[in-house]
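The values are calculated or read from the model by the stated rules, or taken from the named source; none is laboratory data. Keep in mind it's a predicted model, so treat the numbers as computed, not measured. Here Cβ is always computed from backbone atoms with ideal geometry, including for glycine, and neighbour counts include all displayed protein chains. Keep in mind that these areas ignore ligands, DNA and RNA; they rest on the heavy atoms of the full protein, side chains included. Shrake-Rupley method; radii C 1.70, N 1.55, O 1.52, S 1.80 Å.
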2 protein chains.
Amino acid sequence: MTKEMTIQDAFQNVMATRGDVPPKQQRVLAASLALFAEQGFSNTTTKQIAARAEVAEGTVYRRYKTKDELLAAVLAPFVSEVLPNLIEDFATNIVKRDYITRHDLIAAVIQDRLRFAQENRHVLQVLLTELLVRSDVREQLVPQVAPLLSKNLYPVLDRLKVSGELIDWPDDRIAQFMIGTMLSQLARGILANEEIESAGPMMIAFLEKGLAPES
Amino acid sequence: MTKEMTIQDAFQNVMATRGDVPPKQQRVLAASLALFAEQGFSNTTTKQIAARAEVAEGTVYRRYKTKDELLAAVLAPFVSEVLPNLIEDFATNIVKRDYITRHDLIAAVIQDRLRFAQENRHVLQVLLTELLVRSDVREQLVPQVAPLLSKNLYPVLDRLKVSGELIDWPDDRIAQFMIGTMLSQLARGILANEEIESAGPMMIAFLEKGLAPES
DNA sequence: CGTTTTGGTGAGTAATCACTCACTAAATAG
DNA sequence: CTATTTAGTGAGTGATTACTCACCAAAACG
């Protein structure tokens, strides 16, 4: 029942809210995402975007007044729609069970999120790059994502700690190790042009043992 | 006995080889590294570099003919001197012991490398960012780093697998999880402006359990 | 129907960029 | 000493950039 929402879905969500977006504007957004992922934001010119979207350069500036607004328009729906939906969906699915094992939790996190990372790897790559380079992006996104984890993931972790299923480390540290393990797979996908999916079972086993409580 | 070589040492090594480099050129390299880390390579202008190094803009181009060469000059000594030294040093220290436990290995990797990451976090940040964005950097560095791991780390891993100290997974997967765990800490340092050092013991415990052989 | 609004165009512009070059200063060589 | 090389300078340059604007076409409105 997990939603497999891609960035395209999110675009359409946002668009549905604001009336339908003309097709050429959608092409501009798609071209921007593709080029930002391939070359990075600041190595991409508005001329290139116009060329790939097959529109005039003026069209690029019709809706978004600056290149920065264009970046925001690409990333914002992902952060404010896609990501929250995914996390909340995960939380409600896990929380409603009476009893959760460590394996349940980790398998759920890894399997769904790995698919998600595979589908949205372009946005993730752009987001990651800009996080490293631009402090303004950092300062906007960190306070938006952090509470999502606090509200949805951390309560589940606490439940598992109480029932002796999970090691008693700070929630943010456990989250760090889970995210880091997935990140390593994403990095591998980018560096070696490798498929992400197949490593699932090993990642689950690794996390399951690494996060087991002290015997 | 681990060498704590910083990028400055590496600069001086390379400089010693090629005769002494004039002080203004060193200032150019230092200013470049600082600005690349703060703003990213392509958001940094040669004018800014000249200003921070307090030299004329022409001086920036005296030794390095293009901005790209300047990036290479900043990254190259790190990859071709600092990194190999570190890895080989680690390997010889570990290999000469008769018997290694999983704990020995992981503690050695984490403790030394964490210090290293802390000291060289600026170069690492630049390197990481450009790896995400520029395929030419990727294609130059991957084949230079991969054999280092194959020659120095993988034999040690194999020994541990044989003696039942380590889970029987492919070497590259084990390396991935170790690197990923450290990367997660680096990411945390960048995102939250947090000190890196303190998390050592938890990272060691996490990896030690996660990489234990199946009971 | 005329009028207004909306989406789209592409030549044009001011600013900025990486990079050059003619030149000076000083060190080194012979 | 002169001659040559090396380090450094900063005004200048052509190319490129993000962005603008006068204009057009068609749809929506009344």
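Select from region A:54-87 the residues that are of a type in the set (Val, Ile, Thr) and either open to solvent by less than 20 Å² (accessible area, probe 1.4 Å) or within 16 Å of DNA strand C (Cβ to nearest atom) (or both) and list them in ascending order. Before you say what the answer is, go through the steps one by one.
We begin by selecting, within region A:54-87, every residue of a type in the set (Val, Ile, Thr); these are A:55, A:59-60, A:66, A:74, A:79, A:82, A:87.
Those that are of a type in the set (Val, Ile, Thr) and either open to solvent by less than 20 Å² (accessible area, probe 1.4 Å) or within 16 Å of DNA strand C (Cβ to nearest atom) (or both): A:VAL55, A:THR59, A:VAL60, A:THR66, A:VAL74, A:VAL79, A:VAL82.
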Quiz item: Quick one: which helices (runs of 4 or more DSSP H) sit completely within region A:88-193 and have at least 2 residues that are more than 19 Å from the chain's Cα centre (by Cα) and surrounded by fewer than 18 Cβ atoms within 10 Å (Cβ to Cβ)?
Solution: A:102-119, A:135-162, A:171-192
Quiz prompt | First in region A:48-74 and within 14 Å of another protein chain (Cβ to nearest Cβ) and more than 8 Å from DNA strand D (Cβ to nearest atom), second anywhere and outside any helix (DSSP H, G or I) and open to solvent by less than 40 Å² (accessible area, probe 1.4 Å), Cβ under 6 Å, 6 or more apart | solution = A:LEU71/A:PHE41
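Filter region B:171-186 down to residues that are more than 7 Å from every other protein chain (Cβ to nearest Cβ) and either among the hydrophobic types (A, V, I, L, M, F, W, C) or closer than 11 Å to A:GLY180 by Cβ (or both), then give me how many there are. Before you say what the answer is, go through the steps one by one.
At the first step, the residues of region B:171-186 found to be more than 7 Å from every other protein chain (Cβ to nearest Cβ) are B:171-172, B:174-175, B:178, B:182, B:185-186.
Now restrict to residues that are either among the hydrophobic types (A, V, I, L, M, F, W, C) or closer than 11 Å to A:GLY180 by Cβ (or both): B:174-175, B:178, B:182, B:185-186.
The number of residues fulfilling the criteria is 6.
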Quiz item: Could you say whether any residue in region B:107-122 is in contact with a Ser or Thr (Cβ under 9 Å, 6 or more places away or on another chain), more than 16 Å from DNA strand D (Cβ to nearest atom), within 14 Å of chain A (Cβ to nearest Cβ) and of a type in the set (Gly, Ala, Ser)?
Solution: no
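I'm trying to understand the selection: among the residues of region A:32-47, which are within 12 Å of DNA strand D (Cβ to nearest atom) and either among the β-branched types (Val, Ile, Thr) or within 14 Å of chain B (Cβ to nearest Cβ) (or both)? Quick ask: steps written out before the conclusion?
Applying the first criterion (within 12 Å of DNA strand D (Cβ to nearest atom)) to region A:32-47 yields A:32, A:35-36, A:39-47.
Passing the criteria: A:LEU35, A:PHE36, A:GLN39, A:GLY40, A:PHE41, A:SER42, A:ASN43, A:THR44, A:THR45, A:THR46.
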Exercise. Select, from A:ALA34, A:ALA51, the only residue that is open to solvent by 20 Å² or more (accessible area, probe 1.4 Å), at pLDDT 95 or above and more than 12 Å from DNA strand C (Cβ to nearest atom).
Key: A:ALA34
Exercise. Determine if region A:149-169 includes at least one residue that is among the β-branched types (Val, Ile, Thr) and closer than 16 Å to A:LEU86 by Cβ.
Key: yes
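Residues of region A:201-210 being in contact (Cβ under 8 Å) with a residue 40 or more places away in the chain and either open to solvent by less than 10 Å² (accessible area, probe 1.4 Å) or outside any helix (DSSP H, G or I) (or both), which ones?
Step one: filter region A:201-210 for residues in contact (Cβ under 8 Å) with a residue 40 or more places away in the chain, giving A:203-204, A:207-208.
A:MET203, A:LEU207, listed by residue number.
Here's the yes/no breakdown for (1) β-branched (Val, Ile, Thr); (2) out of contact with any Gly (no Cβ under 8 Å at 6 or more places or on another chain):
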residue	(1), (2)
B:ASP171	no, yes
B:GLN176	no, yes
B:THR181	yes, no
B:ARG188	no, yes
B:GLU195	no, no
B:PHE206	no, no
B:GLY210	no, no
